[in-house]
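The values are calculated or read from the model by the stated rules, or taken from the named source; none is laboratory data. Computed from a predicted structure; not experimentally measured. Don't worry about glycine lacking a Cβ; one is built from the backbone with ideal geometry, like all the others, and counts go over all protein chains shown. For accessibility, only protein heavy atoms count, side chains too; no ligands or nucleic acids. Shrake-Rupley method; radii C 1.70, N 1.55, O 1.52, S 1.80 Å.
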Amino acid sequence: MSIKRSLITIKGIKDGLVFRLDEQCDFDELLAELQDMLENSHQAILSGPLVAIDVQFGRRQLADEQKLQILDILRTKRNLLVRSIEGFKSVEVRETAALRTPVTTISGMVRSGQVLRHDGNLLFLGDVNPGGSIVCTGDIYILGALRGMAHAGSEGSEHAIVGASYLAPTQLRIAEVISRPPDSGEEESSHPHETQMEFAYLLDGQMQIDKMANIARLRRDLNVFKGV
């Protein structure tokens, strides 16, 4: 007796679920299993509170229309929030692309419940409020207060950084590393007007916080002003 191979696997991560789709099977067969899975199984996982999911289809080549078909099925479950749908990219390719991408400037305000997504490096002029999020494949620089969530290197680049004029996030994430900065509430209350631009980066897989003036130690390709 043969055992039917599952075409879709679900992996839990700290802030959601990852749906990994089979790379070789017929696309219609894949859609049918996805539909059946949502309707008849995994109810404990896929029902209830809102959950963010990332869809990975590996080396399979998908047209935009096929991606929309997948999204249409997933949207039948109202508690599923599709965060991304993407194929395979090596870490080296993703990191090189992110570092070579110019910085895009966007202004505004990210309010609670809003998510700003960007492919590349981002300079955001404004505040990110609690409950708001910025997610980028490259670096994130915020000329304003970061009081919400920021995820740099969202496609796996551990060289990405998050910088802000006022760094007080609910959560920081670089690649797959999630952390909150050290609790500085006492310092803020004793020195309420003393702020400095800081940035977060990874060192040996651990989140670190430093003054923005020290970024040249990490990014040696930057042009550094030394005065006369």
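Considering only residues that are open to solvent by 80 Å² or more (accessible area, probe 1.4 Å) and modelled with pLDDT under 90, which ones fall in region 21-31?
Of everything in region 21-31, just one residue is open to solvent by 80 Å² or more (accessible area, probe 1.4 Å) and modelled with pLDDT under 90, namely Gln24.
When residues of region 32-63 are filtered for being of a type outside the set (A, V, I, L, M, F, W, C) and at pLDDT 85 or above, how many remain? If you could, list the steps in order and put the result at the bottom.
Initially, region 32-63 is screened for residues of a type outside the set (A, V, I, L, M, F, W, C), giving 33, 35-36, 39-43, 47-49, 54, 56, 58-61.
Now drop any that are not at pLDDT 85 or above, which leaves 33, 35-36, 54, 56, 60-61.
So the count comes out to 7.
Out of the residues in region 1-20 meeting the condition of being surrounded by 10 or more Cβ atoms within 10 Å (Cβ to Cβ) and not in a strand (DSSP E or B), tell me which one is modelled with the highest pLDDT.
For region 1-20, the residue satisfying everything is Leu7.
With the requirement that a residue be in contact with a Gly (Cβ under 6 Å, 6 or more places away or on another chain) and open to solvent by 10 Å² or more (accessible area, probe 1.4 Å), what does region 138-153 give you?
At the first step, the residues of region 138-153 found to be in contact with a Gly (Cβ under 6 Å, 6 or more places away or on another chain) are 138, 141, 144, 148.
Within region 138-153, Tyr141, Gly144 qualify.
Rundown of residues vs (1) in contact with a helix residue (DSSP H, G or I) (Cβ under 9 Å, 6 or more places away or on another chain); (2) modelled with pLDDT of 95 or more; (3) open to solvent by 20 Å² or more (accessible area, probe 1.4 Å), yes/no style:
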{"site": "Thr101", "(1), (2), (3)": "no, no, yes"}
{"site": "Thr105", "(1), (2), (3)": "no, no, yes"}
{"site": "Gly108", "(1), (2), (3)": "no, no, yes"}
{"site": "His118", "(1), (2), (3)": "no, no, yes"}
{"site": "Asp127", "(1), (2), (3)": "no, yes, yes"}
{"site": "Cys136", "(1), (2), (3)": "yes, no, no"}
{"site": "Glu155", "(1), (2), (3)": "yes, no, yes"}
